[in-house]
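Trainee: Below is a structure I'd like to ask you about.
The values are calculated or read from the model by the stated rules, or taken from the named source; none is laboratory data. Only a predicted model underlies this, so the values are computations on that prediction, with no experimental measurement involved. Cβ atoms come from the backbone with ideal geometry, glycine included; neighbour counts cover every protein chain shown.
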Amino acid sequence: MALQRLPSLPTEELASLEDAELLARVKALPVPRHVAVIMDGNGRWAVQRGLNRVAGHREGVKAARAVVRAAHEVGIRFLTLYAFSSENWSRPSFEVSTLMSLLERSIDQELPELQAKNVRLKIIGRAQGVPRSVREGIARAEAATAGNTGLTLCMAFNYGGRDELVDACRALACQVQAGEIRPEEIDEARVEQALYTQGVPDPDLLIRTSGEMRVSNFLLWQIAYTELVVTPTLWPDFGPRDLHLAIAEYQRRERRFGGVS
Ligand code: FPP
């Protein structure tokens, strides 16, 4: 793997740049091909304002829309957003149903812009448990955008990294049982083929908002060598400038993939 040392400014100097200058710097260097985001802090954002938690999720959708546009503009090829985890079912039922309907409505509302911008939508996660109308909306949008060749927007919905690995194991076990492959033929490439993210390269950069230092069962296989950027900003306050700052931070990193510089 080629090693790369990217010329860059220290983090504090990046943060003091004007928006336009920051963006120009980001665009002057290679941008990450795949950015994954754990959009955390919606609940706290709402509670800090004396609002119901779901008000934070509604604001979170606006932030997600702005970040998808910014990712498209800066030339990111794959953007994965963690919208609903397999653990989120344990939240109060009103919050769960709001998150379901927010996804359903957002997909409907955003479809024309996704098409206009040549964005392909891909949902990763288990369909089982997701209300039928949401599943149908997802299937329609995925089919409608399947031929688009610009940004791939992966929405992790009813997603769990361990579920994904369990499902991959089951799929591979079935292939062995059917005599299609021998156990010793199972290698990293075959595991990758069996993941929900099949055909999507591993994330180069994982951003987590709201300051929590956890990966929360997100893309466990795929983030083996991903660069992590944690920002204290709560998700509804996260905007294009924050994305640019995270990319600029990534561009300062030396990726060694287990090697030496
Ligand atoms: C974490 O904040 C966020 C979520 C569980 C859901 C993220 C969902 C959105 C941004 C809206 C859905 C987006 C689309 C496009 C459908 P939290 O509730 O855990 O916040 P907290 O840690 O402050 O409680």
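Trainee: Do we have F94 as in contact with a Cys (Cβ under 8 Å, 6 or more places away or on another chain), at pLDDT 95 or above and of a type outside the set (S, T, N, Q) here?
Mentor: So F94 fails the test.
Trainee: Residues in the stretch 206-226: is at least one basic (K, R) and more than 16 Å from the ligand (Cβ to nearest atom)?
Mentor: So far as the stretch 206-226 goes, no, none of its residues is basic (K, R) and more than 16 Å from the ligand (Cβ to nearest atom).
Trainee: Next question. Regarding R53, is this residue farther than 24 Å from E113 by Cβ, within 12 Å of the ligand (Cβ to nearest atom) and of a type in the set (D, E, K, R)?
Mentor: Answer is yes for this residue.
Trainee: Which members of the stretch 57-115 meet the condition of being away from the ligand (no atom under 12 Å from the Cβ) and among the aliphatic types (A, V, I, L, M)?
Mentor: A70, A71, V74, I76, L111
Trainee: Also, I was wondering about something else. Looking only at the stretch 236-253, which residues are buried (at least 22 other Cβ atoms within 10 Å of the Cβ), within 24 Å of R58 (Cβ to Cβ) and in contact with a helix residue (DSSP H, G or I) (Cβ under 9 Å, 6 or more places away or on another chain)?
Mentor: P236, F238, L243
Trainee: When the residues of the stretch 34-50 are narrowed to those that are crowded, with 23+ Cβ neighbours inside 10 Å and more than 11 Å from the ligand (Cβ to nearest atom), which ends up nearest to V215 (Cα to Cα)?
Mentor: A36
Trainee: Moving on. Give just the number: which of (1) surrounded by 18 or more Cβ atoms within 10 Å (Cβ to Cβ); (2) out of contact with any Ser or Thr (no Cβ under 6 Å at 6 or more places or on another chain); (3) closer than 16 Å to L14 by Cβ does P232 not satisfy?
Mentor: (1)
Trainee: Shifting gears a bit: What helices (runs of 4 or more DSSP H) completely inside the stretch 102-201 contain at least 1 residues that are modelled with pLDDT under 95 and more than 30 Å from A66 (Cα to Cα)?
Mentor: Those helices (runs of 4 or more DSSP H) do not exist here; none qualify.
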